[in-house]
Amino acid sequence: MMKFRLWITLMMMLGCVLDFKFFSLSENALAIEPTSTSVGDSLVRDYFRLQTEQLSNVAFAEISTLDDWQSLRDEYNRQLLEMLGLDPLPEKTTLHPEVVGTVQGDGIVVERLHFQSLPGLYVTANLYRPTVQDGPLPAILYVCGHARVKEDGVSLGNKTHYQHHGAWFARNGYVCLVVDTIQLGEIEGVHHGTYSQGRWWWNCRGYTPAGVEAWNCVRALDYLQSRSEVDGERIGMTGRSGGGAYSWWTAAIDERVKVVVPVAGITNLKNHVVDGCVEGHCDCMFMVNTYRWDYALVAAMVAPRPLLISNTDKDSIFPLDGVVDVHTKVRHIYGLYQASDKLGLNITEGPHHDTQDLRISAFRWFNRFLKDDTSLVTTQATPFFEKSLLKVFEQIPSDERVTTIDESFVPEAKQRSSTDTDLDSDAVLMKTLSEKVFRGWPSGDAVEPMNVQTVAESTQSDRSIRVLQYTSQSPYRLSVYLVGPSTTTDAKSLSMIVLAQPEWERVTRGLAIAAPNFLSRQSSDHDTWKSIHENSRDRLIAYIVPRGVGPTEWTRDTKERTHIRRRFMLLGQTVAAMQVFDVCRAIECLRHQDEMKVLPFDLSGAGDAAAWSLFASLYSSPIRNLTLTDLPQEHRGAPDLLNISRYSTMSDIQQLATNRVQRFTINKNDGQ
C-alpha cells in the first residue's frame, strides 16, 4: 500500500507540473491524457520572437565605417555561397546552348533556347531582342516568379507567363533573357521539399533550391556575355516574388549584375519567423541559414551598385514593415559608400501582384543606370505571343537532372577511413560540427544560468521521487524527473533516459497505472511501470524531456508543425539541434547535484531520442554507458540537423561516440 501511495503521489506531482489531467479506468487503475498544447504553443512563439530579436539586433552591429564593412564583405560573400550550397562553386562546364527556333512580331525576335548550367541541368529560356539592332545593347536577366502555365497537362514554363517583361525590354532597346525556374519550368523539378514533401534531409545536406536557381542565373549571365548582341558590362537583373528572391541571391554573389530591381522578393526575418510569412513561401526563397543572417545582410551585398527595392503596400507575404526595415538597414551601408543615390525604395499600392506601377518604376530604374535615360516611360508591358509558341522542348531530354538535382547539387560526405579516426581528426570533425551543425546553440555570454530548482519531491518507504527544473534556453525551463532509492547515497549509478514524445506518453501512462490490483494485467504499460519500479532500487533514473516533448509539446497539427520546423531553419537551427542542446543542459544540471557528482552516468534513448542522445554524448563527457535503441542508420532518416550529412556520415558520428564513452550499445526494438 505504501508503494501505491508513492506512485499516486508521483502522478499528482506530474499532474501539477505537467498540466495533465486524470481520469478513472476500469479495475481502479489510473491513466493520464494530455490537455491542450497551449503552453507549448505559447513557449515556441516566445522563443521565435526572442531569437529573431537577437539576430536582428546583431545585424550590422560591428559595422561603423566603410573599412569595417570591406573587411567583412569577402567573408560574408563566402558564407552566402556556402548557405546556397555553392562553396566551392561548381565547375563552369560547357553550356551547350541551343536555339531551337524563333518567333517574331511587333519589332522583336524571340529565340527559344536552352543551355545546361551543369551537365544535364537544363535551363529553358526565351531571349528577346529587337528585330533591328545597330550594336551591342544593355541586357536584362529576368527571373520568373511562381506562375504555373500548362496546356493539356504539359508545362510550358513560367517564362511564358512573364513574356510581357521580355517584350517591353526588347521594344525599348534591350536584350532580355527570361529563364524558367526548376519548379515551374518545362522540366518540373522541386521547390517544396520541406514545405510539403517531407524532405527534411535537405537540411541535413545543406541543400536549398535557392542555390540551384542562383547557379542557373550565374550561368545565364555567362550566356548573355557570350552573345554578340549584348554589352556584357551593362547587365541588369529583375524578377518578382520568387524571381525577386533569385535576383537578390544572384546580384549578391555576382558583381556582373550592375543594376538590380528585386520586386516583392525580400523582407526581414521577423516577418518570416514571427509573423508567419514563411508559411506562404516554398524552400527556394531561403538560404540554409547556417550563419544566422537577417535578410538585410543579403541586400547589403549589392552595395554600392544601383538597387531599387520594390514592393506593394498590401503584400501579405512581403509585408511593408519588413521591406522598409530592410531598406533602412541597407541604407546605412550605401551611406558608407556615399552612394545613397543608388539605393531606392519603391512602394506602390496593391497586393502581391505584378502591377503596372511596379513595372514602370523598374523600367525607369534600368533606363537611368544602364542607358543614362531619365525620360518618362510611356509604353506598357503587354504580352504578345501565344504561350505555346514560346515552349522550347518538344520532348524532355532523357539525360535531364532537373528533377533529381537535390540528390547531387550539394555533395554528401564520404565515410572517414580507419586512418582518419584518430584524436586529431576527431577534433577536426568536432570543430566542424560546432561551426556548421550546432552553430545555432547559445555560446559564451548567451549561455544562461540554469537556476536549478526542486519543484516537487516525495519520499516514502524505500523510494524517492523528485522533479528538477532548469533553464535550458529562454523561455524554456525544462524538467528532469528523478526516481530512485529513498536514500540517494544508496544509488550506485545514474541512468539518464531521454524521452521523445512516444516514449514520454508510454512512460507517463505506465507510471499512472500503479494500482495494486492492476499489476496482474499483462500489458506494455504494466511492464513499463514494473521496470521503473524494479530498476530504481539501487540506481537513480532520470527522465530527460527536451523542448517540444511532453509538457512543452507544441501543436499536433501536421501543417503547423511543418512550418515550426521550417522557422527553426530560418534561425540557423533545427528542432533536433536544440533538443540535443536541451539534453546536454539536462546532463549538466544533474552533474551539478552534489549527491550525483560521484555517480557514473549512463545515457540512453530510443528512436528520435537515440539520435539526440548520440550527439549529446559528444558534448557531455564522461558518459559510462551509451545505449541507443532504433538509432537511424543514416542522417537522412534521422531528425534533421543543418549540414550534418555534408560533413559526416552516421558511422562517423558513432565512431566519435565510441571514442568518448566506455561502452556503446545499439539495440533494435523487438516490437514488444
task: Pairs only if they're at least six apart or on different chains, beta carbon under 7 angstrom, first in the range 208-237 and farther than 20 Å from residue 642 by Cβ, second among the acidic types (Asp, Glu) and open to solvent by 10 Å² or more (accessible area, probe 1.4 Å); list them, first residue then second.
output: 218/254; 221/254
query: Does residue 13 qualify as being at pLDDT below 95, of a type in the set (A, V, I, L, M) and open to solvent by 70 Å² or more (accessible area, probe 1.4 Å)?
result: no
- request: Could you list all residues from the range 57-98 that are touching a His at 6+ places or on another chain (Cβ under 9 Å) and of a type in the set (Val, Ile, Thr)?
  value: 63
task: Tell me which residues, restricted to the range 553-567, are out of contact with any Leu (no Cβ under 8 Å at 6 or more places or on another chain) and farther than 16 Å from residue 202 by Cβ.
output: 553, 555, 556, 557, 558, 559, 560, 561, 564
field: Condition broken by residue 604, with the remaining ones in (1) out of contact with any Pro (no Cβ under 9 Å at 6 or more places or on another chain); (2) in a helix (DSSP H, G or I); (3) open to solvent by 10 Å² or more (accessible area, probe 1.4 Å); (4) closer than 30 Å to residue 485 by Cβ satisfied
entry: (2)
statement: For residue 410, the lone unmet condition from (1) farther than 30 Å from residue 163 by Cβ; (2) hydrophobic (A, V, I, L, M, F, W, C); (3) touching a strand residue (DSSP E or B) at 6+ places or on another chain (Cβ under 7 Å) is (3)
task: Answer yes or no: is there a residue in the range 368-378 that is open to solvent by 70 Å² or more (accessible area, probe 1.4 Å), farther than 23 Å from residue 263 by Cβ and outside any loop (DSSP other than H, G, I, E, B).
output: no
field: the range 223-268, residues that are at pLDDT below 95 and more than 26 Å from the chain's Cα centre (by Cα)
entry: none
field: Failed item, numbered, when residue 49 is tested on (1) in a loop (DSSP other than H, G, I, E, B); (2) of a type outside the set (A, V, I, L, M, F, W, C); (3) touching a residue at least 12 places away in the same chain (Cβ under 8 Å); (4) open to solvent by 50 Å² or more (accessible area, probe 1.4 Å)
entry: (1)
Residue satisfying all of: in the range 326-373; at pLDDT 95 or above and of a type in the set (S, T, N, Q); nearest to the chain's Cα centre (by Cα) among these: 328
query: So which residues in the range 474-503 are in contact with a helix residue (DSSP H, G or I) (Cβ under 8 Å, 6 or more places away or on another chain) and either of a type in the set (S, T, N, Q) or farther than 11 Å from residue 542 by Cβ (or both), if there are any at all?
result: 474, 475, 476, 478, 479, 488, 489, 495, 500, 501, 503
query: What do you reckon, is residue 364 open to solvent by 80 Å² or more (accessible area, probe 1.4 Å) and not polar (S, T, N, Q)?
result: yes
- prompt: Which condition number in (1) in contact with a helix residue (DSSP H, G or I) (Cβ under 7 Å, 6 or more places away or on another chain); (2) under 30 Å from residue 552 (Cβ atoms); (3) at pLDDT 95 or above is the one that residue 59 fails?
  reply: (3)
query: Within the range 298-309, can one find any residue that is part of a helix (DSSP H, G or I), of a type in the set (Val, Ile, Thr) and in contact with an Asp or Glu (Cβ under 9 Å, 6 or more places away or on another chain)?
result: no
Considering residues of the range 65-115 that are open to solvent by less than 70 Å² (accessible area, probe 1.4 Å) and among the hydroxyl-bearing types (Ser, Thr, Tyr) only, the residue farthest from residue 157 (Cα to Cα): 65
- request: Tell me, yes or no, whether the range 227-250 has at least one residue that is surrounded by fewer than 21 Cβ atoms within 10 Å (Cβ to Cβ), among the basic types (Lys, Arg) and not in a strand (DSSP E or B).
  value: yes
- prompt: So which of 646, 660 ends up being basic (Lys, Arg) and modelled with pLDDT of 95 or more?
  reply: 646
Count of the range 337-358 residues which are open to solvent by less than 40 Å² (accessible area, probe 1.4 Å) and in a helix (DSSP H, G or I): 1
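Do we find that residue 464 is touching a Pro at 6+ places or on another chain (Cβ under 9 Å), open to solvent by less than 30 Å² (accessible area, probe 1.4 Å), modelled with pLDDT under 95 and not charged (D, E, K, R) in this structure?
yes
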- request: Name every residue in the range 310-336 that is part of a helix (DSSP H, G or I) and polar (S, T, N, Q), in order of residue number.
  value: 328
task: Just one of (1) of a type in the set (Ser, Thr, Tyr); (2) assigned to a strand (DSSP E or B); (3) at pLDDT below 95 trips up residue 528, so point out which.
output: (2)
- request: Scan the range 437-444 and give yes if some residue there is closer than 27 Å to residue 470 by Cα, more than 23 Å from the chain's Cα centre (by Cα) and loosely packed, with under 13 Cβ neighbours inside 10 Å, otherwise no.
  value: yes
field: Candidates 636, 663 - the one that is surrounded by fewer than 20 Cβ atoms within 10 Å (Cβ to Cβ), in a strand (DSSP E or B), touching a residue at least 24 places away in the same chain (Cβ under 8 Å) and not aliphatic (A, V, I, L, M)
entry: 663
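The values are calculated or read from the model by the stated rules, or taken from the named source; none is laboratory data. Just so we're clear, the structure is a prediction, and the values are computed from it rather than from any experiment. Cβ: placed from backbone, ideal geometry, glycine included. Neighbour counts: every protein chain shown. Keep in mind that these areas ignore ligands, DNA and RNA; they rest on the heavy atoms of the full protein, side chains included. Shrake-Rupley method; radii C 1.70, N 1.55, O 1.52, S 1.80 Å.
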